[in-house]
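Q: Structure below; questions to follow.
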């Protein structure tokens, strides 16, 4: 009771939102921050839940259509600058406490209606919907179009001039490369941030959102049905795979037409033109799902169960949290207000949860001593690979704000069809080390059964799978099994071949030979008599087109009898080496 009294007092100081602050039972943990916006009979309100769902913090400003930045330290939101019928709007951003507010769409030179902003996963960009009202038409009968701009308002452009966006939010894939939105004439679809490569996504319903790992989409479905002889609609929160496959209903309710018509027949229940059968069906929900930053829970709005004799239908909406692991459902608000907008963001890397996955890439920290945000962003323009290497799948740029210690494990899965030449043994995990600068092979394990390659590193930047050049084996007169024995003092021709992952000869590698004695005993047993006429100077192999092989004539003068190891390396080929043993008698 004291908590409610305190909240009401703070609300009088910061703005009218009053009953919106009443929490439900029992409280549930809230990682990061959960922004809640809406209105009640006293006016508009915005507040945050942080730590627990009963820890309700009034916002210093009203953030309509508010979307929190990935670090939950800024909010992008909509400000209405003119009343109906002009209804002009701008997209603003501000710090979470309301300071440093900037009108972004004015900075971008855009008039008209700009709304529903959405942050990119790294906080560097924003998508939004834009409409230029046409004289003589109601606002945005001309249609909304999805736009994108930098987070400072610069570089604004229309993503798909040929496709209206339907006035819905444009969601970002967690890898920062694809967008998900409704497109007129296509339906819900994903597309690159430049508007190309449009792929329709089946089974997707209203207000879809990608899961933090990019594997699922959550949404709100509506479909008509007749239950026990009563016509009505199902309102359902459901999920699909990222490609729209395997649709699954999580939670929902059946709303009968009779109940809604009864509600609408009661004097005072019709307040606006949108208060009709369809409007009640939509807003009673469940509707507007949002993922938790960890991806293990979903928050949404719903009036469940709908009470046709109860208060104004929008005031029946409450916030609910669904636990994906257990199916548990908890109502976390209980008030007479219309929460109508949610945004949940914040850190995803913690001491108790040091692993983050996006798409096919998993990053696991040995030790996390300070919470932070780890991003795994697709990089379509990574530094060029060394000659002879071939990309296998996508490359990702990994970064974190968390405080970490110890080695970092990177694991990437792959599809068989992405492996050049099908040679999985040639796969390696490369890391672009900016300190070198250059790629380094960090591979520690390959699992061709589960199609995963793992590596270990102590810094973060660009990572990706590549197929390395294939060593074609040492050629005669050296046996690859180390059994060859030569007479000391002779010149031995060292020969081998190199191929790219598709089996084509590589003729432009710069290869070097190193030798050292490993034993005074002769371990081999096969005497060899072949020798070269002259010895090569230095340590660099030459390529011989005849035979498509590399050759170095090794002088053994001055080398002691016993067993020697020969090692071949190549300039610019991280992790590449080939060795063989020979005996000198």
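The values are calculated or read from the model by the stated rules, or taken from the named source; none is laboratory data. From a predicted model like this one, the values you see are computed outputs, not experimental measurements. Positions of Cβ are backbone-derived with ideal geometry, glycine not excepted, and every protein chain shown enters the neighbour counts.
Q: Within the stretch 181-191, is there a residue that is part of a loop (DSSP other than H, G, I, E, B), over 27 Å from residue 286 (Cβ atoms) and in contact (Cβ under 8 Å) with a residue 24 or more places away in the chain?
A: No.
Q: Search the stretch 221-246 for residues being crowded, with 17+ Cβ neighbours inside 10 Å and under 27 Å from residue 356 (Cβ atoms), and hand back the single one that is farthest from the chain's Cα centre (by Cα).
A: By that ranking, first place goes to 237.
Q: Among residues belonging to the stretch 332-366 that are buried (at least 17 other Cβ atoms within 10 Å of the Cβ) and within 26 Å of residue 264 (Cα to Cα), point out the one that is nearest to the chain's Cα centre (by Cα).
A: My answer is 341.
Q: Right, something else. Which of the following residues is modelled with pLDDT of 95 or more and either assigned to a loop (DSSP other than H, G, I, E, B) or more than 29 Å from residue 41 (Cα to Cα) (or both): 226, 299? Before you say what the answer is, go through the steps one by one.
A: Numbers: 299 fails: either assigned to a loop (DSSP other than H, G, I, E, B) or more than 29 Å from residue 41 (Cα to Cα) (or both).
Being modelled with pLDDT of 95 or more and either assigned to a loop (DSSP other than H, G, I, E, B) or more than 29 Å from residue 41 (Cα to Cα) (or both) holds for just one of 226, 299, which is 226.
Q: Residues that are within 23 Å of residue 348 (Cβ to Cβ), touching a strand residue (DSSP E or B) at 6+ places or on another chain (Cβ under 6 Å) and not assigned by TED's automatic domain parsing to the domain that holds residue 508: list the strands (runs of 3 or more DSSP E) wholly contained in the stretch 359-443 that include at least 2 such residues. I'd like the intermediate steps shown before the answer.
A: Working: elements: 361-370, 374-379, 390-400, 403-413, 427-433, 438-441.
Those strands (runs of 3 or more DSSP E) span 361-370, 374-379, 390-400, 403-413, 427-433.
Q: Just to be sure before I move on: is residue 336 in a loop (DSSP other than H, G, I, E, B), touching a residue at least 24 places away in the same chain (Cβ under 8 Å), within 26 Å of residue 256 (Cα to Cα) and touching a helix residue (DSSP H, G or I) at 6+ places or on another chain (Cβ under 9 Å) in the structure I sent?
A: yes
Q: Keeping to the stretch 192-206, report how many residues are on the phi > 0 side of the Ramachandran plot and surrounded by fewer than 15 Cβ atoms within 10 Å (Cβ to Cβ). Outline the logic, then answer.
A: Start the filter on the stretch 192-206 by keeping residues that are on the phi > 0 side of the Ramachandran plot, which leaves 195, 197, 203.
When the remaining residues are screened for being surrounded by fewer than 15 Cβ atoms within 10 Å (Cβ to Cβ), the result is 197.
Result for the stretch 192-206: 1.
Q: Filter the stretch 489-499 down to the residues that are crowded, with 20+ Cβ neighbours inside 10 Å and under 27 Å from residue 442 (Cβ atoms), then identify the one that is modelled with the lowest pLDDT.
A: Filtering the stretch 489-499 for residues that are crowded, with 20+ Cβ neighbours inside 10 Å and under 27 Å from residue 442 (Cβ atoms), the one modelled with the lowest pLDDT comes out as 498.
Q: A further question on this structure: Do we find that residue 249 is in a strand (DSSP E or B) and more than 23 Å from the chain's Cα centre (by Cα) in this structure?
A: Details: in a strand (DSSP E or B): yes; more than 23 Å from the chain's Cα centre (by Cα): yes.
Criteria met by residue 249.
Q: Can I ask one more? What do you reckon, is residue 322 at pLDDT below 95 and either out of contact with any strand residue (DSSP E or B) (no Cβ under 9 Å at 6 or more places or on another chain) or under 28 Å from residue 226 (Cα atoms) (or both)?
A: So residue 322 fails the test.
Q: Does the stretch 465-488 contain at least one residue that is within 30 Å of residue 398 (Cβ to Cβ), modelled with pLDDT of 95 or more and assigned to a strand (DSSP E or B)?
A: Yes, the stretch 465-488 contains a residue that is within 30 Å of residue 398 (Cβ to Cβ), modelled with pLDDT of 95 or more and assigned to a strand (DSSP E or B).
Q: Separate question: List the strands (runs of 3 or more DSSP E) that sit entirely inside the stretch 523-585 and contain at least 3 residues that are assigned by TED's automatic domain parsing to the domain that holds residue 481, closer than 15 Å to residue 506 by Cβ and touching a residue at least 24 places away in the same chain (Cβ under 8 Å).
A: Those strands (runs of 3 or more DSSP E) span 549-555, 562-570.
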